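Below: one structure, written as structure tokens.
The values are calculated or read from the model by the stated rules, or taken from the named source; none is laboratory data. The structure displayed is predicted, hence computed values, not measured ones. Neighbour counts are summed over all protein chains in view; Cβ atoms, including those assigned to glycine, are modelled from backbone coordinates with ideal geometry.
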Amino acid sequence: MAVAILGGGCFWCLEAVFEQLAGVEHVVSGYIGGTLRDPTYEQVCSGSTGHAEVVRVEFDPAKISYAQLLDVFFAIHDPTTLNRQGADRGTQYRSSIFACSAEQLEIAQDFIQKLNATAVFDTPVVTTLEMADTFYPAESYHQGYFRSNPEQGYCAFVVAPKVVKARAVFSRLLKSADQ
């Protein structure tokens, strides 16, 4: 198994999409990139710890590549807004890639360079690239949040449309019904 750590705003959105992809074995919502050891959700949301809300994606590279994960990642959030995703504002919501190896860092750099060179977005990609450090899993009530709370307001109006978009655009990458 390989690991990818990605931040694209609220971790509920990313988790709900990535857990549906074939080759993804496990997705954990959590925090990385800050100064406080073992932060809580409330501390991270204050914006004072430097952590980003992220998902840690365990995947089988024989079934889905890191580049394919990045393709999905850049399609389901806005990588052109600094420290913001929709109404969520603050450094904890930054678009970020925490590379787990030099190879991942290089793949991510090339990916962003190609997005900018081909003007996929109207403005440049501002996704931060950092080497991964200590990942802290979020509290248990955040894990599988969309699955457990699909009718909750944020889930219905923010998370669900991203899931629908991912299912439509990346149908070839989805797990089959028996997985």
Residue ID - nearest to Ala67 (Cα to Cα), chosen from residues in the stretch 1-55 that are of a type in the set (S, T, N, Q) and in a loop (DSSP other than H, G, I, E, B): Gln20
Breaking point among (1) touching a residue at least 60 places away in the same chain (Cβ under 8 Å); (2) exposed (fewer than 15 other Cβ atoms within 10 Å of the Cβ); (3) of a type outside the set (Asp, Glu), for Tyr136: (2)
Number of the condition not met by Ser48 [criteria: (1) in contact (Cβ under 8 Å) with a residue 40 or more places away in the chain; (2) of a type in the set (S, T, N, Q); (3) over 17 Å from Val126 (Cβ atoms)]: (1)
Residues located in the stretch 1-35, provided they are at pLDDT below 95 and either farther than 19 Å from Thr127 by Cα or among the hydroxyl-bearing types (Ser, Thr, Tyr) (or both): Thr35
Residues of the stretch 124-160 satisfying the condition of being part of a strand (DSSP E or B) and farther than 24 Å from Thr81 by Cβ: Tyr136, Pro137
Flag if Glu53 is closer than 21 Å to Cys155 by Cβ, surrounded by 16 or more Cβ atoms within 10 Å (Cβ to Cβ) and out of contact with any Lys or Arg (no Cβ under 7 Å at 6 or more places or on another chain): yes
Hits in the stretch 13-25 (condition: touching a His at 6+ places or on another chain (Cβ under 9 Å) and buried (at least 24 other Cβ atoms within 10 Å of the Cβ)): Cys13, Leu14, Glu15
Which numbered condition Leu115 fails, given (1) exposed (fewer than 14 other Cβ atoms within 10 Å of the Cβ); (2) not in a loop (DSSP other than H, G, I, E, B): (1)
